[in-house]
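Comments concern the structure below.
None of the figures in this text is laboratory data; all of them are computed from the coordinates on show. Model, not experiment: these values are computed from the prediction. Virtual Cβ from ideal backbone geometry, glycine too; neighbours counted across all protein chains shown.
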């Protein structure tokens, strides 16, 4: 939005109006403002500032994250951006370990204080990192269909192609790492959340393991956290 010279605040107000229409049905929506890694730290800072300006009294914006090409800009370049997001009371997320290695995941947590990792499938190559994520209770947002469609899974497995059954989700989950299922980009990857649970079944997860995925989605959603609005009232 920012690069297209649009006003994020105006766009977000329109989104809030739609979100409010769901309230009578008991559905509560929270939002994450997301930057694109390859656009650099300055552009990401603009996104954080836009989130602060757009925050409403209900604290609908709960987090800041960065997606995009994780190999494009060094992780340390975003330290001031994440410090600023934290100062505004925003939770911190980042895509890491989708096509990059385990080091990208560890950098995100240790250098930026990231609380949730987008994808993170490269962690399977580093047992010490898996221990680290399990002990810290750092969840991975795993997107099986997307990992297939983008070729990320095949790259991580060093294969020409990959199947859902090859996905490391079961190994990561059974190591004690919190896993939440995500659709990544449903329109692009022709998937739904229900479809991703069907993919998890194809990985031969047990009913208890599938239930743990559902529970983790609530536990790590930041859905009931209004830290930004609270911090601004102090």
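Tabulated data for the structure shown
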item: Packing-based exposure ordering (other Cβ within 10 Å, fewest first) of 171, 30, 160; result: 160, 171, 30
item: Using alpha-carbon coordinates, inclination of helix 8-20 to the longest axis of the chain, degrees; result: 80 degrees
item: Difference of contour (0.36 nm per residue) and Cα-Cα distance, residue 69 to residue 194; result: 42.3 nm
item: Spacing of the two label points (7 Å from each Cα toward its C-beta) at residue 155 and residue 135, in nm; result: 3.0 nm
item: Ascending count of other beta-carbon atoms within 10 Å, so fewest first, for 218, 64; result: 218, 64
item: Computed lengthening from residue 25 to residue 38, 0.36 nm per intervening residue step minus Cα-Cα distance; result: 0.8 nm
item: Folded to 0 to 90 degrees: helix 41-54 orientation relative to the chain principal axis, Cα; result: 60 degrees
item: Fewest-first sequence of 130, 188, 94 by Cβ atoms within 10 Å of each Cβ; result: 188, 130, 94
item: Label point distance in nm, residue 111-residue 128, each placed 7 Å from Cα along Cα→Cβ; result: 1.8 nm
item: Computed [θ] at 222 nm, deg cm²/dmol, the chain (DSSP H ≥ 4; -39,500 (n - 2.57); rounded to nearest 500); result: -13000 deg cm²/dmol
item: Region 1-58 pair-distance distribution - Cα-Cα, 10 Å bins, rounded %; result: 20, 48, 24, 8, 0
item: Cα extents of the chain along the three principal axes, largest first (Å); result: 46, 42, 34
